[in-house]
Every structure is written in C-alpha cells, then in structure tokens.
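**Student:** Take this structure, written in structure tokens, and hold onto it; I'll ask about it next.
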Amino acid sequence: MATAKILGDIKKIDKDVEVCRTTNQMISKRAAELLIENQIPFSRDWVKIPFFQREKYRGARKFYVIRTNRNRYSQARRTIDTMEPACKRKLYFGGYSYDSRIR
C-alpha cells in the first residue's frame, strides 16, 4: 500500500486564524453574510463563556468566533471593514477592538 507524502510542516496544515469575535448573534450573522457575498471561506462557531468570566463580557453566555484560512485573512478583514461603524464597534479583532473603549 502506498503512503501519501506530505509537503511542508505537518503542524501548519489546516490552521485557521481568528478574524473576529462578538457576543452579538446578529452582528456575527451580518459578518458571515458579507463573507459569503465575497466568496471568502470561513467557519463560525460559538464558545461558551465560563460563569466567572461573564462579567468581562457584560453577562453574555457565549461569544461567536469567525475564523478563516490564514491565506485569506487580509481579504476577510477588508470585507468586514466595510461593515457599518455601529456593527464594527461590537466586533473584537484578535488583539484590539474597532472602538478602543470596548475591551
């Protein structure tokens, strides 16, 4: 039986990067719609927030995470930057938020 040869580093295969996260379901749906319109592959998951950290997220029970292939990250980011400013204020972009008051 023949074995497949893998080119490159096995640890870097199928690694998606986080584009943004939010606790608002409507905002995550809007971001997903924009990515679909621009034909950018992505995945959208939700992560449960532990009880003792909910104060940090203003009482939210889960947040939505949008991830994409690292090669398409900049394209996905430009697409999400076209959202309305009111929506972008509720997004958190891996390391900083659009509005510096939200952390």
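The values are calculated or read from the model by the stated rules, or taken from the named source; none is laboratory data. Fair warning: this is a prediction, and the values are worked out from it, not measured in the lab. Don't worry about glycine lacking a Cβ; one is built from the backbone with ideal geometry, like all the others, and counts go over all protein chains shown. Just so you know, the surface numbers come from the protein's heavy atoms only, side chains and all, with ligands and any DNA or RNA stripped out. Shrake-Rupley method; radii C 1.70, N 1.55, O 1.52, S 1.80 Å.
**Student:** Name every residue in the range 37-57 that is under 21 Å from Arg72 (Cβ atoms) and open to solvent by less than 100 Å² (accessible area, probe 1.4 Å), in order of residue number.
**Tutor:** Within the range 37-57, Asn38, Ile40, Pro41, Phe42, Ser43, Arg44, Asp45 meet the criteria.
**Student:** Quick one: what pairs do we get from the range 48-67, first residue free of Cβ contacts under 8 Å to residues at least 40 places away in the same chain and within 17 Å of Ile27 (Cα to Cα), second hydrophobic (A, V, I, L, M, F, W, C) and open to solvent by 50 Å² or more (accessible area, probe 1.4 Å), C-beta under 6 Å, 6+ apart or different chains?
**Tutor:** Lys62/Trp46
**Student:** Here's a follow-up. I need a count of the residues in the range 82-103 that are modelled with pLDDT under 90 and surrounded by 11 or more Cβ atoms within 10 Å (Cβ to Cβ).
**Tutor:** Residues meeting the conditions: 12.
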